Amino acid sequence: MLPRTKALVAAGSGITVGLAGLAMGALPAGADDDPVLPAIGAEELVTSALEARPPAFAGVAELHNELGLPAVPGAEELDFESVRVFHDGAEGARVQVERQSSELTFVRNADEAWAYDSQENTAKRLNWNEADAAAAREHAESELADPSQAAAEIIERLRATSDITVDGTARVADRAAYELVLTPKPSEKTLLREITVAIDEETRVPLRFDVYANGTSDPVLSLGFVEFAVGAQDADLFEFTPPEGAEVETTEADDVAKAAGEHGAESVEQRTTTVGDGWDTVVIGEAPADAPSEIEGSVEGEQDLTAMLEQIGTPVSGEFGSGSHVQIAVGGAIVTDDGRIAAGAVPQQVLVDALDQQ
């Protein structure tokens, strides 16, 4: 979602992508009684959620992260506590990612998209014309993913390799919702037990997403709305003017791929290959060229990257060569000695096998 993947291990950001985005969930719905809603079949609910277009709304989502990721640079994607989302029901959208000391703001309208980092006081602008609008908007949307959009994408990716059921109802952000449950088919080699999605009964927009690992009763990662109000939004929310003194980069969208490379905003998917599909997908990619060789902030002042991997990982080898395996609650990653990264919600041997195939 965020373009700052400098990754020492992409075991932070890379694992998240390696889970095919499985890292989306939500906070508990609250103490209200579960609503009584008309019965609906799982396939009908899935289809309606994937076809739903977000209405005009304002919402606040919160993150609960028990992934067990090491506290290292380059894993900023999940380094936030809450996010504010606004949508005009058409092409206008605004996402404000709030951190302890800064805020990332993404704004899109019919003509352009902005990304602003308050800590760096830098803004990036992407604009387009009718001829290149489709490619540019797709690029802008990849930068602007909100909890509902991310949840819908995960449903679509896991649909074919899951047993899907509707398990009752819930009240999320004071709205009535169906509880959709995706369970990996027996053939899937994954460390995840299930993923639940709360889908709004009225709009069919996903409101809440919980990821459960084997052997756990609580979600290991949750992201979802705690406030969600449908209604017209102020048009000014979908325009952006950089603060005075901000450094601004502007890119025309006639070459989105070139723009992505120049700005470091190339998506991780564009830099990786995958082995397998569904729940046991393994994503393999090269460590970013700007990954630091030394890590600042350790008790010694600076720490060699290899030494840090030795501390947080375990040695592993195979036909691919050798490297370090980093384990987290929902999977792991192998960082090879030759600079590759393999990540997924899978056991270590599945990662080794995937690397051996490359």
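Some observations on this one:
- Pairwise FRET efficiency - Val36 versus Asp356, Cβ, R0 = 45 Å, nearest 0.05: 0.30
- Accessible surface of the range 150-204 [probe 1.4 Å, protein heavy atoms]: carbon and sulfur percent: 44 percent
- Length added when fully stretched, Thr122-Glu239, from 0.36 nm per residue minus Cα-Cα: 40.5 nm
- Between the range 314-339 and the range 184-236, the alpha-carbon center distance in angstrom: 29 Å
- Take the Cα of Glu153, step 7 Å toward its Cβ, do the same at Ser217, and the gap between the two points is 3.4 nm.
- Estimated from the Cβ-Cβ distance and a Förster radius of 22 angstrom, the FRET efficiency linking Ala56 and Ser82 is about 0.60.
- The range 154-204, accessible area per residue, ligands and nucleic acids excluded (1.4 Å, Å²): 42 Å²
- Stretching the chain fully between Gln348 and Ser187 yields a gain of 56.3 nm (0.36 nm per residue, less the alpha carbon separation).
- Residues of the range 163-185 with amide N under 11 Å of a point placed 7 Å along Cα→Cβ from Ser48: 177-178
The values are calculated or read from the model by the stated rules, or taken from the named source; none is laboratory data. From a predicted model like this one, the values you see are computed outputs, not experimental measurements. Here Cβ is always computed from backbone atoms with ideal geometry, including for glycine, and neighbour counts include all displayed protein chains. Accessible surface is based on the protein model in full, side chains and every heavy atom, while ligands, DNA and RNA are left aside. Shrake-Rupley method; radii C 1.70, N 1.55, O 1.52, S 1.80 Å.
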